[in-house]
1. Could you state the number of Å between the C-alpha centres of segment 30-62 and segment 118-193?
2. Contour minus end-to-end for residue 3 and residue 77, with contour as 0.36 nm per residue of separation and end-to-end as the Cα-Cα distance?
3. Show me the chymotrypsin sites (Phe, Trp or Tyr not before Pro) within segment 82-168 that DSSP assigns to loop and that have at most 16 other Cβ atoms within 10 Å of their Cβ.
4. So what's the back-of-envelope 222 nm ellipticity for the chain, counting only DSSP H runs of four-plus at -39500 (n - 2.57) apiece and dividing by all residues, rounded to 500?
5. Normalising by the residue count of the chain, find the relative contact order in percent from Cα pairs under 8 Å and 6+ residues apart.
6. Take the eigenvalues of the Cα gyration tensor for the chain, scale each by 5, and report the square roots as semi-axes in whole Å, largest first.
7. Going by alpha carbons, how many degrees (0 to 90, nearest 10) lie between the helix axis of 67-79 and the longest principal axis of the chain?
8. Search the structure for amide H atoms under 5 Å from the amide H of residue 159, placed 1.01 Å from N in the peptide plane, and list their residues when 5 or more places away or on another chain.
Amino acid sequence: MDWLPQLDRCDDLKQLRDICLRCRRCGLRENVRGVVFGEGDPQAKIMFVGEAPGADEDRLGRPFIGAAGQLLDKILAAAGFEREKVYITNIAKCRPPGNRVPKKEEAEACFPYLIRQIELIQPRLLVCLGTLATQYLIYREAKVTVVRGQVFEKGGIKIIPTYHPAALLRDASKKKVVWQDFQQIKKLFDQIG
Ligand code: SF4
C-alpha cells in the first residue's frame with residue numbers, strides 16, 4: 001500500500017499515530033525505544049513544533065519532557081498557556097543518535113506525519129521551536145536568529161518562529177527575546193481564540 005495516501009485516509013490522530021508508531025521509513029527508527037508521535041489537545045488552536053525527541057522523550061514516549069521540555073512548561077505557564085490545551089510535537093518523531101539534528105533525508109521522511117497532524121488538528125497558530133521547524137514550516141533557508149518573532153501565514157495558519165528551549169539552556173541571554181516572542185504568541189492566540 002502506498003504510504004502517503006494511507007496517511008491521507010487517516011480520519012483522526014489515533015489512526016495516524018498507529019501508522020507512525022509502526023514506521024520504519026528512515027534509519028532513526030533502528031536506534032530508538034519507540035516513536036514519539038506528539039501529545040496534547042487534538043483540537044488545539046495552537047501547536048508547538050520542535051526538532052526531535054531526546055533521551056528522556058525516547059524513554060517515555062512523550063515530547064518535551066526532559067530539561068528543555070521542563071523549561072518549555074515554565075514558559076508556557078508564565079505566558080498563560082495550559083500544556084493540556086496545546087499540542088506539542090516535533091519534525092522528526094524518532095530520536096537521532098546523540099541528540100544530533102535530524103539529517104535532511106530523515107526530516108523529509110518524517111515531515112508528512114506533521115503535515116497530516118496539522119491537517120487533522122487544524123490549529124490557527126503554529127509555533128516553530130528552533131531552526132529545523134522554522135525551515136520546514138516557513139521556508140527552507142530560514143534562520144531562526146533572523147526571523148524569530150516575525151509572524152508568517154500559510155493556508156490561513158499564522159506561524160511564529162522562536163528559539164528552541166534547549167538553546168536557552170545553552171545561552172541564557174536568549175531568554176529575554178523568547179519571552180517577548182511568547183507574549184506576542186499569547187496575544188495572537190487570544191485574538192484568534
Ligand atoms: S523518524 Fe519519522 S520517518 Fe523516521 S522512522 Fe521515525 S517516524 Fe518514521
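1. Computed from Cα coordinates, the inter-centre distance equals 17 Å.
2. On the way: separation 74, 0.36 × 74 = 26.64 nm, distance 3.79 nm.
Gain on extension, residue 3 to residue 77, equals 22.8 nm.
3. Working: sites: 87, 113, 136, 139, 152, 163; in loops: 139, 163.
Those satisfying the criteria are 139.
4. On the way: 9 runs with 87 residues, N = 193.
Mean residue ellipticity, 222 nm, calculated: -13000 deg cm²/dmol.
5. On the way: 328 pairs, mean separation 44.8, N = 193.
RCO, the chain: 23 percent.
6. Working: eigenvalues 120, 73, 48 Å².
Largest first, the chain gives 24, 19, 16 Å.
7. 50
8. Here 126, 152, 153, 154 satisfy the definition.
All of the numbers you see were taken from the coordinates with simple rules; none came from a lab. Note that this is a predicted model, so its numbers are computed, not measured. Cβ sites come from the backbone with ideal geometry, for glycine too, and all protein chains shown count toward neighbours.
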